[in-house]
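The values are calculated or read from the model by the stated rules, or taken from the named source; none is laboratory data. Computed from a predicted structure; not experimentally measured. With ideal geometry, Cβ positions are generated from the backbone for all residues, glycine too; neighbour counts draw on all protein chains shown. Note: areas computed on protein heavy atoms with side chains; ligands, DNA, RNA excluded. Shrake-Rupley method; radii C 1.70, N 1.55, O 1.52, S 1.80 Å.
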Amino acid sequence: MAQSLELLLIQFLMPDNDARRQAEEQIRRLARDPQVVPALVHHLRTAKTPNVRQLAAVLLRKKITSHWPKLPPHAKASLKQALIDSITIDHSHLVRRASANVVSIIAKYAVPAGEWPELLPFIFQCSQSPQEDHREVALILFSSLTETIGTTFQSHLNDLQPILLKCLQDEASSRVRIAALKAVGSFIEYVNDGGDVVKMFRDFVPSILNVSRQCLANGEEDVASIAFEIFDELIESPAPLLGDSVRSIVQFSLEVCSNQELEINIRQQAIQIISWLVKFKASFLKKHKLVIPILQVMCPLLTETADEDGDSDLAADRSAAEVIDTMAINLPRHVFPPVLEFASVSFRHINPKYREAAVTSLGVVSEGCCEHLKDKLEDCLKVVLEALKDQEQMVRGAASFALGQFAEHLQPEILSHYESVLPCILNALEDPSDEVKEKSYYALAAFCEDMGENILPYLDPLMCRLVMSLQGSPRNLQETCMSAIGSVAAAAEQAFMPYAEKVLEMMKGFMVLTNDEDLCARARATEVVGIVAMAVGRARMETILPPFIEAAISGFVLDYSELREYTHGFFSNVAEILDDSFAQYLPHVVPLAFSSCNLDDGSAVDIDDADSVDNGFSGVSSDDDVNDEPRKSPHPPQDKTMVVATLAEVAQGMGAPISAYVDKIMPLVLKELASSEATNRRNAAFCVGEMCKNGGAAALKYYGDILHGLHRLFADSEPDDAVRDNAAGAIARMIMVQPQSIPLNQVLPVFIKALPLKEDHEESMVVYSCVCNLLLSSHPQILPLVPDVINAFAQVVVSPNESDEVKIVVAKAVSHLISVYGQQMQPILSALPPAHANALASFANRR
């Protein structure tokens, strides 16, 4: 076989494709025979050309897993010796590297079985060899062996540390330094919390930094890049590997990211390290006073001009903005003062990039530092509105972005400034720059949504401008313009009536578009029709909705996720205004909702084979390759939660006709109660309540499963208050329609403990009405819980988040208890804080 195999290896390396294919096919057949191993070993030892020797090693790596158990001891010994010889004697770097990869595969089986006791001593010996090639290949072996026998090295870490440290500082060879860096990185996943191990990795950091600085000075940015990869792993490790070295890593990363002479890729890595530290080690940055030094570099990076030919995602200014945003979210109190100082100083700068950076920085921190910004809102708003009139487009664009961020994150305080903000936005909508216009539409949409009747004086000029823009703008502007129209309609409600017909007619044109590039606009139009329908009401909309509903249903076949999402929202709104008239559409809408939940995205598994890339030998399958079936990932959770929310709104709006669909809907909703996403759990809890309320007898058989699913949402492990509030709302609806089907002695203590509601006060009326009905009927299971109920009710009546209507309902129930139980109520009421007791009395007198 050896002779014929040699010819085939040579033939495979020929440039003739036909010859390559023939050789590949014959090699594939020969490779099934275990005798291929000694034949390949022979060519690894004796072939004259490095390419043939490398190819022999590659084939060994691919086939050794299946053949190793069948080899006799002498063949195994010959193979191991050939690999050792290749690693230490062969003059070709690629051959040595390929042989090292074979060693890694064999070690996976031989070392645990005690068949290769001399391997580790050999590697340790090589790592201290005076020959550069030996040191490098030893480090390569350390790295590759961690993938197959990593746990074996754990007992040798103390012996490895001085070797790795010495190699990290190897001044004679950059190849050894690179290999040492990779070896250090490969051991991180095997690190535990043991004090010796933690100290060992902390000791590596200064050497890694020194090597990286030397390499950057010599133009070897690829080596410094490896160092940042190691820092990345160190930061994410659960073990406390960094310690006080965080300070020096921050300093080095700031040096790199602020050095405009370096390539953007390495600077980007440095910025990313800062970003990870902010996310995972924020308290450390605060403790060691590193927040201001970081901001003193990141804020000026906002002034950098991105290379027009470069990747905008790698631009330093964009990455710096992301870091500042993350810092604002994690360390708002420490971030806001220096950012405000930077903005105040830069805003008057003669260089427009600094003026742009000033307003960008304010926009970027508006989410994380919202409470601090609200305290300085007038001053900050003055800066942004003035920048909106700047002569430079880049500054106006940044100002419109910042204004949109303010409108989104500084509610409701920002709304009190509508008299100064709205005229400025109206002017910005006339800007010659499409970029400024687009960001201004976004600002307008965010600002107007919660304005209510304050929008009325501006309604006509706004709608004239928006309708005009919608008719003559490029597609991206039309999309943001439609978002603004939706927000205006939501705020104006019935006052939007004069504009509804014109807007709906325009939306009809968008809702028949089918080209891929137009589907986002179609999605926006679908959303707008639903919002306008809610604003102007059933009487105006019922007769003109059918063609819009038909268009929305037909949009589902286009399989565009954003269009599906907005269509679910559209049906939620339509179901709410049509009530029982929506029943005629259920046979179409419910199947579409389920088809949306059952979609998934297939993606095939790619198998990486580094050696095959080097030598083109992709046709011979590897024993280590895993022939996975294509992976399926479920459809995005936001699609499912939108479907569940839609079904809940439909059930709420329609009432009893939904009972025909209980058996289809309930299994999906029960599954979503256990979703990892809080929004999904919240909507699922709301939906099961509405299904029980309106599903009649069809829902009864699910009560046990529902109670089991809801019980988890009342546990301390549930982190989201809105989820718990909606679970309470579901229980309340179940009690109100089927009290005899609920084990109230078990359910009520858990239910009452969750009161008062913390976040979703739309559930207040149904929850407190349920409790009050039980009290008014003197239900025996509620009476032992009266002290807890009174305590919750007292908090309700002093809450600024609850309506007077809700407060009067609970006060009425308290009055009833006092009139019936008199003296027994006195100790309970006396235990309340005076302010709470007075508020209860006040509302009780108003009933």
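Of all residues in the stretch 331-352, those being open to solvent by 70 Å² or more (accessible area, probe 1.4 Å) and under 28 Å from the mean Cα position of the chain (by Cα) number 1. As a summary of the residue check, Gln81 satisfies the conditions (1) within 19 Å of Glu118 (Cα to Cα); (2) buried (at least 17 other Cβ atoms within 10 Å of the Cβ) except for the one numbered (2).
Residues in the stretch 486-501: is at least one within 18 Å of Tyr560 (Cβ to Cβ) and either crowded, with 21+ Cβ neighbours inside 10 Å or basic (Lys, Arg) (or both)? No, that holds for no residue. Considered as a group, the residues in the stretch 60-94 that are more than 48 Å from the chain's Cα centre (by Cα) and outside any helix (DSSP H, G or I) include one that is farthest from Ile105 (Cα to Cα), and that residue is His91. The single condition among (1) modelled with pLDDT under 55; (2) open to solvent by less than 50 Å² (accessible area, probe 1.4 Å); (3) among the β-branched types (Val, Ile, Thr) that Val650 does not meet is (1).
A single entry from Ser212, Ser275, Ser225 fulfils the requirement of being of a type in the set (S, T, N, Q), touching a residue at least 24 places away in the same chain (Cβ under 8 Å) and touching an Asp or Glu at 6+ places or on another chain (Cβ under 7 Å): Ser275. Could you list all residues from the stretch 230-239 that are out of contact with any Leu (no Cβ under 7 Å at 6 or more places or on another chain) and surrounded by 16 or more Cβ atoms within 10 Å (Cβ to Cβ)? Matches in the stretch 230-239: Phe231, Asp232, Glu233, Ser237.
Of the residues Ala727, Ala678, Ala685, Ala732, the single one that is more than 21 Å from Tyr768 (Cα to Cα) and not assigned by the TED database to the domain that holds Ala583 is Ala678. Residues that are polar (S, T, N, Q) and either open to solvent by less than 10 Å² (accessible area, probe 1.4 Å) or part of a loop (DSSP other than H, G, I, E, B) (or both) do not occur anywhere in the stretch 474-483. Within the stretch 554-596, being at positive phi and over 24 Å from the mean Cα position of the chain (by Cα) holds for one residue alone: Asp579. Applying the criterion of at least 1 residues that are open to solvent by 30 Å² or more (accessible area, probe 1.4 Å) and more than 21 Å from Ser92 (Cα to Cα) to the helices (runs of 4 or more DSSP H) found wholly in the stretch 122-227 leaves 132-153, 157-168, 195-217.
Pairs meeting the criteria (first residue in the stretch 495-523 and within 16 Å of Leu470 (Cα to Cα) and of a type outside the set (Val, Ile, Thr), second residue assigned to a loop (DSSP other than H, G, I, E, B) and open to solvent by less than 20 Å² (accessible area, probe 1.4 Å), beta carbons under 7 Å, at least 6 apart or on different chains) are Arg522/Met511. Taking the conditions (1) within 45 Å of the chain's Cα centre (by Cα); (2) open to solvent by less than 10 Å² (accessible area, probe 1.4 Å) in turn, Pro112 satisfies each one other than (2). Within the stretch 438-459, the set of residues being open to solvent by 40 Å² or more (accessible area, probe 1.4 Å) and closer than 26 Å to Glu392 by Cβ comprises Glu438, Lys439, Tyr442.
Filtering the stretch 705-723 to residues that are out of contact with any Lys or Arg (no Cβ under 7 Å at 6 or more places or on another chain) and not in a loop (DSSP other than H, G, I, E, B) leaves Asp705, Ile706, Leu707, His708, Gly709, Leu710, His711, Arg712.
Just one residue in the set Val102, Val95 is in contact with a Pro (Cβ under 9 Å, 6 or more places away or on another chain) and surrounded by 16 or more Cβ atoms within 10 Å (Cβ to Cβ); that residue is Val95.
Please indicate, with yes or no, whether at least one residue in the stretch 51-59 is open to solvent by 10 Å² or more (accessible area, probe 1.4 Å), assigned to a helix (DSSP H, G or I) and over 12 Å from Leu9 (Cβ atoms). Checked against the condition, which is being open to solvent by 10 Å² or more (accessible area, probe 1.4 Å), assigned to a helix (DSSP H, G or I) and over 12 Å from Leu9 (Cβ atoms), the stretch 51-59 yields no hits at all.
Here is a yes/no grid of residues against (1) within 25 Å of the chain's Cα centre (by Cα); (2) acidic (Asp, Glu); (3) over 24 Å from Glu304 (Cα atoms):
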site	(1), (2), (3)
Cys370	yes, no, yes
Cys380	no, no, no
Met394	no, no, no
Gln405	yes, no, no
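Restricting the first member to the stretch 92-103 and to residues that are touching a residue at least 60 places away in the same chain (Cβ under 8 Å), and the second to residues that are open to solvent by less than 10 Å² (accessible area, probe 1.4 Å), the beta-carbon pairs closer than 6 Å and six or more apart or on different chains are Ala98/Ala57; Ala98/Val58. Gln411 fulfils the conditions (1) polar (S, T, N, Q); (2) surrounded by fewer than 24 Cβ atoms within 10 Å (Cβ to Cβ); (3) under 29 Å from the mean Cα position of the chain (by Cα); (4) in a helix (DSSP H, G or I) except for a single criterion, (4). Applying the criterion of being touching a helix residue (DSSP H, G or I) at 6+ places or on another chain (Cβ under 8 Å) and charged (D, E, K, R) to the residues of the stretch 256-276, the residue that is modelled with the highest pLDDT is Arg267.
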